[in-house]
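The values are calculated or read from the model by the stated rules, or taken from the named source; none is laboratory data. Note that this is a predicted model, so its numbers are computed, not measured. Don't worry about glycine lacking a Cβ; one is built from the backbone with ideal geometry, like all the others, and counts go over all protein chains shown.
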Amino acid sequence: MQMNISRSQFLKQLGVSVAAFSVGGSLVEALGQMSPVLSTPTGVSGDLKPISVNSGPGFGNRLAITFDDGPTPGVTERVLTELKKRDLRASFFMIGRNVKNNPDLAKRVFDEGHELCNHSYTHPKLDSLSDDRVREELLTCQDAIYKATGYTPVWLRPPYGAFRNKSHIAKDLGLGIAMWSVDPRDWAQPGAQRITDTIVTQARPGSIILCHDLHMQTADAVPNILDRLLDRDYEFINMSGFLGQPYVA
């Protein structure tokens, strides 16, 4: 069951710690699993500052499993099948170019109740681009997802986590920045068993788990990941279920 609350209600309920980091610096690391980590860059004008999260709230034994870089034919379908078998929800951070090439698969992800999120259009290191190029990457991805599904994402995950000095652009576009707290490095294809063991060992209430629906090894690992986490009584929540929508009062 998802919990959709506004950001202000969420913050009031939790008394969330907010940490600042200097423009040009790295994102703050998680301050603990009992509250989500939100960070806001200094030197950004306006009442609303960019929202960046590394984890969700630690109460209720909830976590979020997320998949980057799809949709990928032959892989994303397998992930979806395993999620559907268990009636679970995930968040998919999609590359816009892949959505454009596979609109029916993106639509299936959406139709099966998962949250679609922005992962740029071509997967560059955004912090190495001009502001105009970053906006183009993000807006073109938004447009591709909207055209395929009728849905406009509210969360962004910058490729490689690289977003120095660009957070104000996310704010301008109404996108929250979603990082992660558990990384099995499945992109390196260490084997399905290692991917599974890393996730299950590191998962905590409030974890945001980073996976990629890009490689077969990840698809191979998903059934065991889900079953082992369910055995520990974890509840799977998508990004907006964790935190509400960014910038909503």
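Here are K166, K125: which of them is touching a helix residue (DSSP H, G or I) at 6+ places or on another chain (Cβ under 8 Å) and surrounded by 20 or more Cβ atoms within 10 Å (Cβ to Cβ)? Residue meeting the stated conditions: K166. Scanning the stretch 178-187 for any residue that is in a helix (DSSP H, G or I) and more than 19 Å from M94 (Cβ to Cβ) turns up nothing.
When we screen A188, A221 for residues that are of a type in the set (A, V, I, L, M, F, W, C), without any contact (Cβ under 8 Å) to a residue 40 or more places away in the chain and surrounded by fewer than 21 Cβ atoms within 10 Å (Cβ to Cβ), the only hit is A188.
Does the stretch 61-82 hold any residues that are among the hydroxyl-bearing types (S, T, Y) and surrounded by fewer than 18 Cβ atoms within 10 Å (Cβ to Cβ), and which are they?
From the stretch 61-82, those among the hydroxyl-bearing types (S, T, Y) are 66, 72, 76, 81; that's our starting set.
The one that is among the hydroxyl-bearing types (S, T, Y) and surrounded by fewer than 18 Cβ atoms within 10 Å (Cβ to Cβ): T81.
When the stretch 196-224 is limited to residues that are in a loop (DSSP other than H, G, I, E, B) and charged (D, E, K, R), the one that is nearest to P159 (Cα to Cα) turns out to be D213.
Residue pairs whose Cβ atoms lie under 6 Å apart, sitting 6 or more positions apart in sequence or on different chains, and linking a residue in the stretch 107-124 that is touching a residue at least 24 places away in the same chain (Cβ under 8 Å) and on the phi > 0 side of the Ramachandran plot to a partner that is outside any loop (DSSP other than H, G, I, E, B) and acidic (D, E), are S120/E137.
Checking the stated criteria, S240 turns out not to satisfy the condition of being under 26 Å from K84 (Cβ atoms), buried (at least 19 other Cβ atoms within 10 Å of the Cβ), in contact with a Ser or Thr (Cβ under 7 Å, 6 or more places away or on another chain) and of a type in the set (S, T, N, Q). All conditions but one from (1) in a helix (DSSP H, G or I); (2) surrounded by 22 or more Cβ atoms within 10 Å (Cβ to Cβ); (3) touching a Ser or Thr at 6+ places or on another chain (Cβ under 8 Å) apply to F110; the one that does not is (2).
Here's the yes/no breakdown for (1) modelled with pLDDT of 95 or more; (2) farther than 19 Å from T149 by Cβ; (3) surrounded by fewer than 19 Cβ atoms within 10 Å (Cβ to Cβ):
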residue: M1; (1), (2), (3): no, yes, yes
residue: Q9; (1), (2), (3): no, yes, yes
residue: S22; (1), (2), (3): no, yes, yes
residue: V28; (1), (2), (3): no, yes, yes
residue: G32; (1), (2), (3): no, yes, yes
residue: T40; (1), (2), (3): no, yes, yes
residue: F59; (1), (2), (3): no, yes, yes
residue: K84; (1), (2), (3): yes, no, yes
residue: M94; (1), (2), (3): yes, no, no
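Taking the stretch 191-218 as the region of interest, how many residues are without any contact (Cβ under 8 Å) to a residue 40 or more places away in the chain and within 17 Å of G70 (Cβ to Cβ)? The number of residues fulfilling the criteria is 2.
Contact map, the stretch 159-170: residues that are at negative phi and assigned to a loop (DSSP other than H, G, I, E, B) paired with residues that are modelled with pLDDT of 95 or more and buried (at least 18 other Cβ atoms within 10 Å of the Cβ), Cβ distance under 8 Å, separation 6+ or inter-chain. Pairs shown: A162/L126; F163/L126; F163/A170; F163/I177; K166/L126; K166/V134; K166/P158.
Kindly indicate which of R97, R86 is under 20 Å from R157 (Cα atoms), more than 15 Å from the chain's Cα centre (by Cα) and of a type in the set (K, R).
Details: R86 fails: under 20 Å from R157 (Cα atoms).
Residue meeting the stated conditions: R97.
As a summary of the residue check, S181 satisfies the conditions (1) polar (S, T, N, Q); (2) touching a Ser or Thr at 6+ places or on another chain (Cβ under 9 Å); (3) free of Cβ contacts under 8 Å to residues at least 24 places away in the same chain except for the one numbered (3).
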